[in-house]
Amino acid sequence: MTKHVFLIGFMGCGKTYWGSWLAERVSCPFIDLDRRIELHEQKTISDIFREAGESGFRELERRYLHKLKDIAPAVIATGGGAPCFFDNLSRMRSIGIIIYLRTPVEVLFERLKTGKAERPLLKDLNDYVLSGFIRERLETREPFYLQADYILEYAEDHDLFAEKLLDVIRNGH
Ligand code: S3P
């Protein structure tokens, strides 16, 4: 690969799973931006939200995203909000290709019901509120996500989705 591959999309869409899968397939490094922030800051994302609020987290997210221009091409899973703040999306575009993992609300809901504890934006929501939150937040975020270079629609079949993802890399990269 000659440039980064950014996976973007809502929480629970599988950016981390597919990012590490893809990186292994194409033999290049995998970076999960949130884990990188946690590692370098020596704090969890929840700690950062608690201490500095969402705005503090967004500043850090932007800073770590900007730093990616100095490293070798990698597959990068971004946090769900990353493309929706500052100039992050155009920054990503200038150093890589962007793939949106577009996932139906129902699928996100099923996954996030069990994965909300470690996500500060979701941890206090009961299931009923969670479903409305996903719907609303996705609506405001999709205009950003849809600016990706490639939009990969969710497929229940793992192998089918894997093939679609590899196609983008083989043909579009
Ligand atoms: C966020 C998504 C999270 C993390 C933070 C905020 C968001 O990442 O960056 O909790 O605003 O959507 P994941 O998309 O990996 O859950």
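The values are calculated or read from the model by the stated rules, or taken from the named source; none is laboratory data. In this text the structure is predicted, and so the values were computed from the model without any measurement. Cβ atoms come from the backbone with ideal geometry, glycine included; neighbour counts cover every protein chain shown. Just the protein is used for accessible areas: all its heavy atoms, side chains included, with ligands, DNA and RNA removed. Shrake-Rupley method; radii C 1.70, N 1.55, O 1.52, S 1.80 Å.
Of all the criteria given as (1) surrounded by 13 or more Cβ atoms within 10 Å (Cβ to Cβ); (2) more than 13 Å from the ligand (Cβ to nearest atom), the one not satisfied by THR2 is (1). Of the residues making up region 38-86, those that are more than 23 Å from ALA23 (Cα to Cα), open to solvent by 40 Å² or more (accessible area, probe 1.4 Å) and in contact (Cβ under 8 Å) with a residue 24 or more places away in the chain are THR44, ARG50, GLU54, PHE85, PHE86. For HIS66, the conditions (1) over 28 Å from LEU160 (Cβ atoms); (2) in contact with an Asp or Glu (Cβ under 6 Å, 6 or more places away or on another chain) all hold with the exception of (2).
Check whether at least one residue in region 18-33 is aliphatic (A, V, I, L, M), surrounded by fewer than 15 Cβ atoms within 10 Å (Cβ to Cβ) and in a helix (DSSP H, G or I), and report yes or no. Looking through region 18-33, none of the residues is aliphatic (A, V, I, L, M), surrounded by fewer than 15 Cβ atoms within 10 Å (Cβ to Cβ) and in a helix (DSSP H, G or I). Applying the condition of being in a loop (DSSP other than H, G, I, E, B) and near the ligand (Cβ under 10 Å from one of its atoms) to region 52-83 and asking which residue is farthest from the chain's Cα centre (by Cα) yields GLY81.
Being among the basic types (Lys, Arg), near the ligand (Cβ under 10 Å from one of its atoms) and closer than 18 Å to TYR17 by Cα is the filter here; which residues of region 112-128 pass it?
To start, the set of residues in region 112-128 that are among the basic types (Lys, Arg) comprises 113, 116, 119, 123.
When the remaining residues are screened for being near the ligand (Cβ under 10 Å from one of its atoms), the result is 116, 119, 123.
Answer for region 112-128, where residues must be among the basic types (Lys, Arg), near the ligand (Cβ under 10 Å from one of its atoms) and closer than 18 Å to TYR17 by Cα: LYS116, ARG119.
Of the residues making up region 108-136, those that are open to solvent by 70 Å² or more (accessible area, probe 1.4 Å) and within 29 Å of ARG91 (Cβ to Cβ) are ARG111, GLU118, LYS123, ARG135, GLU136. Exactly one residue among ILE98, ILE31, ILE37 is within 12 Å of the ligand (Cβ to nearest atom) and aliphatic (A, V, I, L, M), and that residue is ILE37. For region 18-31, the count of residues that are free of Cβ contacts under 8 Å to residues at least 12 places away in the same chain, farther than 19 Å from VAL168 by Cβ and out of contact with any Ser or Thr (no Cβ under 6 Å at 6 or more places or on another chain) is zero.
Which is within 10 Å of the ligand (Cβ to nearest atom), more than 15 Å from the chain's Cα centre (by Cα) and either in a helix (DSSP H, G or I) or not hydroxyl-bearing (Ser, Thr, Tyr) (or both), of PHE10, PHE49, PHE86, PHE109?
On the way: PHE10 fails: more than 15 Å from the chain's Cα centre (by Cα); PHE86 fails: within 10 Å of the ligand (Cβ to nearest atom); PHE109 fails: within 10 Å of the ligand (Cβ to nearest atom).
Checking each option against the conditions leaves just PHE49.
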